[in-house]
Amino acid sequence: MTKLQDIGCVILGAGFSRRFGRDKRIAKLQHSTVAATTLGTYCAAFAKVRLVLREEDDPAQFTADLEKFSNLEIIRAPLAYKGMGHSLSAGFAAIDWSWAFVALLDMPFVSQTTLVGLITHARNSSAPLIQPRLVSALATAVKPLERQHGHPIGIHNRLFSEVRASVGDNGARRLIQQRAEQIDYFDCDDVGVIQDIDHPSDLPAENQ
């Protein structure tokens with residue numbers, strides 16, 4: 001698979017896991033961790049990946065094989081405690097890609113196939129925003145649908161200046177709300193685009 005050098009991903013991982021009760025980034029997921037699973041999937045699909053962490057975080061705690069992710073860059077967000085918007089603006093600092101996808105570290109179930117599809121979709125899109133949209137009726141067999149529109153969200157570089165101005169809890173959702181009519185949806189049957197981990201019960205039973 002040829003990775004497109006001008007389409008990258010910013011993974012937001014500077015949250016505080018307050019609802020989870022402990023650091024969910026290092027929670028066990030099958031034979032790995034939540035963070036390592038997410039990083040492995042995204043680094044395999046994207047040519048360039050930025051992981052946004054808190055200033056005090058040790059990246060090595062999220063995966064024992066950090067060195068294998070040669071396309072991963074660690075970005076610090078010293079104001080992460082003020083809200084996701086500060087993590088987002090830190091992650092978008094000084095990038096010159098044509099597209100940046102915004103992903104969440106606590107969403108490890110997105111498939112690599114979906115990510116590759118989103119990258120291809122971005123390459124051929126003239127819209128400023130791309131968002132995966134779940135269209136599978138099978139999703140209700142997993143759990144009742146809370147939403148259909150998920151992550152990662154693709155942002156064209158003509159909107160980067162707006163993203164860099166993000167503060168507080170104003171993240172990519174604000175752009176999605178303000179530019180709802182400009183979104184180019186990528187329809188898929190991947191439940192992973194809407195599955196995040198907020199509580200231990202969101203993990204497989206053997207990892208709770």
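Just so it is clear, none of the values below were taken in a lab; they were calculated from the coordinates. Please read these numbers as outputs of a predicted model, since none were measured by experiment.
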Scalar couplings 3J(HN,Hα) for region 26-34 by Karplus 6.51 cos²θ - 1.76 cosθ + 1.60 (θ = phi - 60°), nearest whole Hz, x for Gly and Pro, are 9, 5, 5, 9, 6, 9, 9, 10, 4
In order over region 45-55: 3J(HN,Hα) from phi, Karplus 6.51/-1.76/1.60, θ = phi - 60°, whole Hz, x for each Gly or Pro, gives 9, 9, 6, 9, 9, 10, 10, 8, 10, 6, 4
Sorted by chain and number, the residues with a modelled amide H under 5 Å from that of Lys28, at a separation of 5 or more or across chains, are none
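Please report Rg over Rh for the chain, where both radii come from the alpha carbon positions and Rh follows the Kirkwood definition.
Details: Rg = 15.9 Å, Rh = 17.1 Å.
Rg/Rh for the chain comes to 0.93.
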Number of Lys pairs in region 7-207 closer than 27 Å at Cα, excluding neighbours under 8 places apart unless interchain, is 9
Relative contact order of the chain (C-alpha contacts under 8 Å, at least 6 apart) in percent is 27
